[in-house]
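Structure first, commentary second.
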Amino acid sequence: MKTVYADNAATTALCDEALEVMVECLRDNYGNASSMHHSGQAAAEVVAQAREDIAKCIGADANEIYFTSGGTESDNWAITNAARLGAKKGKKHIISTTFEHHAVLHTLMKLEKEGFEVTYLDVHEDGYVRVDELEKAIKEETCLVTIMYANNEIGTVQPVEEIGRICKEKGIYFHTDAVQAVGHLPIDVKAQNIDMLSFSAHKFHGPKGIGALYCRKGLPLIGFMQGGAQERNKRPGTTNTPAIAATAAALKKSCAEMDKNIHYVSAMRDRLIDEIVKIIPRTRVNGGRSPRLPGNVSFCFEGIEGESLLLYLDLKGICGSSGSACTSGSLDPSHVLLALGLPHEIAHGSLRLSLSEYNTNDEIDYIIEQLPLVVARLRDMSPVWEKLMKGEN
Amino acid sequence: MAYSAKVMDHFENPRNLGKMENADGVGEVGNAKCGDIMKIYLKIEDGIIADVKFNTFGCASAIATSSMATEMIKGQKVEDALKLSNKAVVEALDGLPPAKIHCSVLAEQAVKAALADYYTKNGIELDPEIFGGSCGGHCDSCESCGIEG
Ligand SMILES: Cc1ncc(COP(=O)(O)O)c(C=O)c1O
Ligand code: FES
């Protein structure tokens, strides 16, 4: 059976360019980038070049990029850092949204326990924050606005540039979790007035366990681990040369081919959404259609449960994901779907298919062929669907 | 979280799947809000479960536990079917992940609910010893779940 991998928001396949440079570093360029000898300096050169290439892709300077273990670490670091800076000035209010990734939400919850106040902006039923609501939420004590660039479950892209402008005007730090956006959408941290930005290589065909925090020059960044002097004294630990080089290779490629990819991937996305909505009755598309991540498709099918849907699709070779409670091992479906105001019973029937430029139109045809069969099979055995059809609900 | 081969088999090829006209007992338990609903239909002849069908809304383990439970009671005496425990269903499936134990509880309850319906229809009083029971709150999910457990 062939695999149709449609879970690119969870992680992506490594691209050949990244794999090659990674292997090369592991095998030949194994020196410690902090060592003085020529072997170490060769590694340091690779890292310096990678830092420059990566910075260029998001409109930053090389010395504004700090390598981390990925999106989670970058989010934790950026938010905690801004909170510490705010607290020093007696500013202990943060603004975020209800549908952030847990790396952000759980960091904020921790800060709330430490006495910070957090305002979570509503993302409405279409999955977008409203800029006027952000403006209203800003207080004298607001030190940080942290709003994700694009949501990982429903793909909605937030008005980052406007948020950046408002924060700049008010002198508030702006962090964005751009894990789903970097490499997929054009980003310019300077033009968009972004102070801090988190990203992760494995979402754009780079390796797992590596990412970076962009932190604007002039914004004091306090390290949170004790150790060596790597990353300009901010983030200790032996430099991960192979992963850094591979991140740069993957991001350079993603950015060079971005226009083409956006065009190709969003056409597949739109065809998949349009066809499925046409074929399968009582289907909802989660999140507004535009602006939306090129690869994100998110549905709720009434009367069925997401985990069984996911696993029946898996038996057909199709890899997707679901925000149903049963996939999370709790009784609550994903906080993102609930943030849209969806009732539990609808949110249980969610399916996310996330595409990339590695997918083909034949694969989309295959999904369009199989998905309705699987949904029909599950509905046929569902007492909830039976009631819906009898009009009892 | 990985399911056993038995669970996957019952999920892929559910036994006794379907609805039943003129069932002698029908039981439905669970709640769509929590994500699991099971409905069991019984055909009872001479005190024996002659046929059984189920419909389930829920995760793979909800489907597999319903399937296994129906298989275990088919052909059994009503009194014996009443003794079906969620533990026996879990064992027959070679185990379930901890977060999914409540599905087996639901399966046990669905069987009991269908039998209760059969008794009620036939004017037999329900023994609270047997029908008052619940999963005893031993599953991880029970605390946050509105339904019995
Ligand atoms: C929006 C978002 N933020 C943060 C993360 C965490 O990134 P990482 O897996 O690199 O820690 C992810 C991915 O899982 C994500 O989608
Ligand atoms: S019966 Fe609901 S979780 Fe146990």
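The values are calculated or read from the model by the stated rules, or taken from the named source; none is laboratory data. It should be emphasised that the depicted structure is a prediction, and the values quoted were computed from it without experimental measurement. With ideal geometry, Cβ positions are generated from the backbone for all residues, glycine too; neighbour counts draw on all protein chains shown. Surface areas here come from the heavy atoms of the whole protein model, side chains and all, with no ligands, DNA or RNA. Shrake-Rupley method; radii C 1.70, N 1.55, O 1.52, S 1.80 Å.
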Considering residues of the range B:67-100 that are within 14 Å of chain A (Cβ to nearest Cβ) and surrounded by fewer than 23 Cβ atoms within 10 Å (Cβ to Cβ) only, the residue nearest to ligand 2 (Cβ to nearest atom)
B:A99
Pull up the range A:188-214, narrow it to residues that are assigned to a strand (DSSP E or B) and of a type in the set (A, V, I, L, M, F, W, C), then point me to the one that is farthest from ligand 1 (Cβ to nearest atom).
A:M196
In the range A:159-187, how many are in a loop (DSSP other than H, G, I, E, B) and farther than 24 Å from A:K260 by Cβ?
3
Within the range A:308-321, identify whether any single residue is away from ligand 2 (no atom under 16 Å from the Cβ), charged (D, E, K, R), within 14 Å of chain B (Cβ to nearest Cβ) and in a helix (DSSP H, G or I), and answer yes or no.
yes
If a residue must be over 21 Å from A:P220 (Cα atoms) and buried (at least 24 other Cβ atoms within 10 Å of the Cβ), how many such residues does the range A:135-151 contain?
4
With respect to the numbered conditions (1) away from ligand 1 (no atom under 16 Å from the Cβ); (2) buried (at least 16 other Cβ atoms within 10 Å of the Cβ); (3) not small (G, A, S), which one is the sole condition not fulfilled by A:K113?
(2)
Any idea which residue in the range B:39-48 is farthest from the other protein chains (Cβ to nearest Cβ), counting only those that are touching a helix residue (DSSP H, G or I) at 6+ places or on another chain (Cβ under 8 Å) and of a type outside the set (F, W, Y)?
B:G47
Residue count, the range A:1-52 (criterion: among the β-branched types (V, I, T) and either within 16 Å of ligand 1 (Cβ to nearest atom) or within 18 Å of A:F67 (Cα to Cα) (or both))
5
The lone condition A:D61 fails out of (1) open to solvent by 60 Å² or more (accessible area, probe 1.4 Å); (2) out of contact with any strand residue (DSSP E or B) (no Cβ under 9 Å at 6 or more places or on another chain); (3) closer than 15 Å to A:F174 by Cα is (3)
What number goes with the only condition from (1) open to solvent by less than 10 Å² (accessible area, probe 1.4 Å); (2) without any contact (Cβ under 8 Å) to a residue 40 or more places away in the chain that A:H106 does not pass?
(1)
Determine whether the range A:352-360 contains at least one residue that is among the acidic types (D, E) and either open to solvent by less than 30 Å² (accessible area, probe 1.4 Å) or free of Cβ contacts under 8 Å to residues at least 60 places away in the same chain (or both).
no
Of the residues in the range B:12-66 that are of a type in the set (S, T, Y) and within 16 Å of ligand 2 (Cβ to nearest atom), the one that is farthest from B:K112 (Cα to Cα) is B:S61
Long-range neighbours under 6 Å by Cβ, at least six apart or interchain, first residue farther than 17 Å from B:S61 by Cβ and away from chain B (no Cβ under 12 Å) within the range A:366-386, second in a helix (DSSP H, G or I) and at pLDDT below 95
none
Mind checking whether some residue in the range A:221-231 is of a type in the set (A, V, I, L, M, F, W, C) and open to solvent by less than 50 Å² (accessible area, probe 1.4 Å)?
yes
Residues of the range A:332-355 being touching a strand residue (DSSP E or B) at 6+ places or on another chain (Cβ under 8 Å) and in a loop (DSSP other than H, G, I, E, B), in sequence order, are A:P333, A:S334, A:L342, A:G349, A:L355
Tally of residues being within 11 Å of chain A (Cβ to nearest Cβ), surrounded by fewer than 22 Cβ atoms within 10 Å (Cβ to Cβ) and not in a strand (DSSP E or B) across the range B:17-38:
3
Here are some conditions: (1) over 23 Å from B:D127 (Cβ atoms); (2) at pLDDT 95 or above; (3) at the interface with chain A (Cβ under 10 Å from one of its Cβ atoms). B:D51 meets all but one. Which one does it not meet?
(3)
Among the residues of the range B:3-12, write down those that are more than 11 Å from every other protein chain (Cβ to nearest Cβ) and surrounded by fewer than 20 Cβ atoms within 10 Å (Cβ to Cβ).
B:S4, B:A5, B:K6, B:D9
Return the only residue of A:E302, A:E231, A:E257 being touching an Asp or Glu at 6+ places or on another chain (Cβ under 9 Å), away from chain B (no Cβ under 14 Å) and charged (D, E, K, R).
A:E257
Tell me, which helices (runs of 4 or more DSSP H) wholly within the range A:35-152 include 2 or more residues that are of a type in the set (S, T, N, Q)?
A:38-57, A:71-88
